[in-house]
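The values are calculated or read from the model by the stated rules, or taken from the named source; none is laboratory data. Quick caveat: nothing in here was measured; it's all calculated off a predicted structure. Neighbour counts run over all protein chains shown; Cβ positions are idealised from the backbone, glycine included.
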Amino acid sequence: MNREYYCRQTIVRKVIHVDMDAFYASVEQRDNPQLRGKPVVVAWRSKRSVVCAASYEARHFGVHSAMPAMQAARLCPAAIFLAPDFPRYREVSRSVREIFKRYTDLIEPLSLDEAYLDVTENKTGLPTATQVARTIREQVRQELNLMASAGVAPNKFLAKLASDWRKPDGLFVIQPEEIDAFLLPLPVGRLPGVGKVTGDKLANLGAQTVRDLRTLDLSLLEQHFGRYGQRLHELALGIDDSPVVPDRPTKSISVEDTFEHDVLLTDTETMIRSLAEKLWSASRQESRAARTVVLKLKTSDFRILTRSYTAGLPPSSCQELTDIALKLRERVDLGPQQRYRLVGVGLSNFREPGDTARQPVLFE
């Protein structure tokens, strides 16, 4: 075990990351027996839509979330396309959350289908976090007829990696003394925030695995990656001191993704549409509505720029949210040859229902 980890990781936690397997598609298959065992794709079937979820039968053909729906149809001609039913998914998500609450009040939802749980102390007195995770998965299966994968680790970063390790329907545990054995062989691309461009830059510095990354000086990482260099340094050591933050009044929510290759502004539309659909789904969990839409872009040289629009009334549909995000893209003026490595879409300025007043429309 790395001594620096013990020095820095002063807070000892037991964290579970629960990730519902192919959640939207699994709910559809559960509620309609005729869909079981068949390739199900949850998406609006149109030229401009993207996949919200795909069953494992559809994934066998290469279909995955955020893929353009038309591409999914080409890859899997036999796929059954279903329009998303977010009210139903939210209701099932609430039922999953009720199971979580039997064990802890420290629950940090990331979306309808995944959440962090801090079970350093659990309500039931189960002696280990592993037993808590195992029991939660069994109760989700028995009571809701759905599958969940879970990762157990000393922090959120490692727990999220672990939950993906044995999907679907898996449980993986990283004990504190096992962190190095698990983490060091991983390619740097498994670290959050490391996409194709950052991965190539790390490779040029001689770091293709986490083991390699750990040998690089912090000053060198900060020189090449700015503030993110500090984060890379900590991740390589298995350090993540961020707490599990339970529900509280939301100030903002956002989703973002890094492109495999840097792209021109004109090539960001598919990703923006995909992110807007994810954001719309996440926002449906909120009792309050957001009036401000934010578009975030990061250039190939790591400059960050944002554009925002505040309306008198919140976006009333996923399509309206998407349209606003795409309109905000038109206000980016760094030149046609500028390339971008990341795009994000966010919502902020949350207000209670009815606490709005119409304003003039910004875009005509």
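List of remarks:
- Check on Lys38, modelled with pLDDT of 95 or more, surrounded by fewer than 18 Cβ atoms within 10 Å (Cβ to Cβ) and assigned by TED's automatic domain parsing to the domain that holds Lys14: no
- Of the residues Arg141, Arg137, Arg90, the single one that is basic (Lys, Arg) and touching a strand residue (DSSP E or B) at 6+ places or on another chain (Cβ under 7 Å) is Arg137.
- Verdict on His224 being more than 24 Å from the chain's Cα centre (by Cα) and either part of a loop (DSSP other than H, G, I, E, B) or more than 18 Å from Ala115 (Cβ to Cβ) (or both): yes
- So Glu143, is it out of contact with any Leu (no Cβ under 9 Å at 6 or more places or on another chain) and either at pLDDT 95 or above or in the same structural domain as Leu279 (by TED's automatic domain parsing) (or both): yes
- Residue check, Glu320 more than 21 Å from the chain's Cα centre (by Cα), of a type outside the set (Gly, Ala, Ser) and part of a helix (DSSP H, G or I): yes
- Residue within region 258-265 that is surrounded by 15 or more Cβ atoms within 10 Å (Cβ to Cβ), touching a strand residue (DSSP E or B) at 6+ places or on another chain (Cβ under 7 Å), modelled with pLDDT under 90 and of a type in the set (D, E, K, R) present: yes
- Residues satisfying the stated conditions in region 162-188, i.e. part of a loop (DSSP other than H, G, I, E, B) and within 19 Å of the chain's Cα centre (by Cα): Asp164, Trp165, Arg166, Lys167, Pro168, Asp169, Gly170
- A Cβ distance below 6 Å, combined with a sequence gap of six or more or placement on separate chains, defines the contacts here; from region 266-286, residues that are among the basic types (Lys, Arg) reach residues that are part of a helix (DSSP H, G or I) and crowded, with 22+ Cβ neighbours inside 10 Å in the pairs Arg273/Thr322.
- Some residue of region 143-160 being part of a helix (DSSP H, G or I), touching a residue at least 24 places away in the same chain (Cβ under 8 Å), touching a Pro at 6+ places or on another chain (Cβ under 6 Å) and on the phi < 0 side of the Ramachandran plot: no
- From Phe81, Phe61, residue being assigned to a strand (DSSP E or B) and either assigned by TED's automatic domain parsing to the domain that holds Pro127 or aromatic (Phe, Trp, Tyr) (or both): Phe81
- Residue selection: Leu305 fails the criterion of being part of a helix (DSSP H, G or I) and either outside the structural domain of Ala69 (by TED's automatic domain parsing) or without any contact (Cβ under 8 Å) to a residue 60 or more places away in the chain (or both).
- In a residue-by-residue description of region 282-301, the property of being more than 27 Å from Ala115 (Cα to Cα), within 21 Å of the chain's Cα centre (by Cα) and of a type in the set (A, V, I, L, M) applies to no position.
- Positions within region 154-175 being crowded, with 16+ Cβ neighbours inside 10 Å and farther than 17 Å from Arg214 by Cβ, in sequence order: Pro154, Lys156, Ala159, Lys160, Ala162, Ser163, Lys167, Gly170, Leu171, Phe172, Val173
- Tallying residues that are of a type in the set (D, E, K, R), closer than 25 Å to Ala25 by Cα and in contact with a Lys or Arg (Cβ under 9 Å, 6 or more places away or on another chain) within region 89-128 yields 4.
- Restricting attention to region 195-231, the residues that are closer than 18 Å to Ala181 by Cα and surrounded by 13 or more Cβ atoms within 10 Å (Cβ to Cβ) total 8.
- A count restricted to region 287-302 and to residues that are free of Cβ contacts under 8 Å to residues at least 60 places away in the same chain and buried (at least 21 other Cβ atoms within 10 Å of the Cβ) stands at 4.
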